[in-house]
Amino acid sequence: MPHEIGFLQNTGTLAHYMMLDKIKTFAEANGYTILRYDVVSANRELIMKAPGYSGTEEIFIGFRTYHNVSSDYYNLTVAVFTGYVPGNTFATQPGALLSGVPAHNNRIDYWLTLNPQRIALVMKVGTPVYEAAYAGKFNKYAFNSQFPYPVAVGGMLNGEATTRFSDTTHGIPYKGNRANMRMRFNDGVWKQVLCHPWDNADIAGSTYSTRDTNNSYPLEPVILKDAQGLYGELDGIFQISGFNNATENTLVDAGITYVVFQDVSRNGFNDYFAMRLDA
């Protein structure tokens, strides 16, 4: 699973435009098919098709930019679709679900990783704060015939909200039970799901907290669930304790590197997650 870590500076064009181009270049170099790349419109658009682990799947993932100079926000949108129609707008692609991600016009530090079924991104922007995105398949608890297209969208905002990175109310999708974390179910409905271990009451009690053991930190899978059942877990995203921990720390487990991030500006005990880089 390839990854790229770097930063983008406003040198001739806006940084969130450059971030979109980075996603396109990175995905295309790693087996994704580019279906649309519009760099002419003010809101630039990228729609891609991921091949899945079989190499023959069709997983439709999109990103686009949106901004307002007077309101000083420069954001990305992360999206998943059920198909692609060339004549349709970005938002009217089949089965579209969109979520905004605050970004920046100046500098963006980024951690970008993908595999054949999903793409995940963290950006450090502004003051700084950390903004996350996830799009594509998750690892389902079902047979292929039972759940043929298990996809999720995790952004930072409910739709394409006009929210600047400095807003103090938005948060990572991975804590669940919020509109910026959606899972598509077999009936075509985008469910607003709970996420274990943060939404833990119906599995193992009403509270959740851990700490390290001899400097070893457990990585808890982020399980998508609701009152009807457990559906699966996000691919490469884990809860990790914030006890004696810090954003941008790295850890290695079984030869695989993970990076630790906080929830926007929050640094409480339960405000951290880890993203897998290579597998």
Point to revise | residue 139, sole failed condition from (1) more than 17 Å from residue 154 (Cβ to Cβ); (2) within 20 Å of the chain's Cα centre (by Cα); (3) open to solvent by 50 Å² or more (accessible area, probe 1.4 Å) | key: (1)
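Yes/no per residue for (1) out of contact with any helix residue (DSSP H, G or I) (no Cβ under 9 Å at 6 or more places or on another chain); (2) over 21 Å from residue 92 (Cβ atoms); (3) hydroxyl-bearing (Ser, Thr, Tyr):
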residue	(1), (2), (3)
116	yes, yes, no
119	no, yes, no
123	no, yes, no
129	yes, yes, no
148	yes, yes, no
166	yes, yes, yes
186	yes, yes, no
Practice item. With the condition kept exactly as written, say whether any residue in the stretch 77-94 is within 26 Å of residue 128 (Cα to Cα), in contact with a strand residue (DSSP E or B) (Cβ under 7 Å, 6 or more places away or on another chain) and either among the aliphatic types (A, V, I, L, M) or assigned to a loop (DSSP other than H, G, I, E, B) (or both). Key: yes
**Study point:** Checking residue 235 against (1) in contact with a strand residue (DSSP E or B) (Cβ under 7 Å, 6 or more places away or on another chain); (2) not in a strand (DSSP E or B), the condition it does not meet
**Key:** (2)
Practice item. Might you let me know whether the stretch 155-175 holds any residue that is assigned to a strand (DSSP E or B) and buried (at least 19 other Cβ atoms within 10 Å of the Cβ)? Key: no
Point to revise | Selected residue (criterion: nearest to residue 162 (Cα to Cα)) from residues of the stretch 45-66 that are over 19 Å from the mean Cα position of the chain (by Cα) and open to solvent by less than 60 Å² (accessible area, probe 1.4 Å) | key: 57
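The values are calculated or read from the model by the stated rules, or taken from the named source; none is laboratory data. Bear in mind the structure is a predicted one, so any value in this text is a computation, not a measurement. We place every Cβ from the backbone using ideal geometry, glycine too, and count neighbours over all the protein chains shown. Heavy atoms of the whole protein, side chains included, go into the accessibility calculation; ligands, DNA and RNA do not. Shrake-Rupley method; radii C 1.70, N 1.55, O 1.52, S 1.80 Å.
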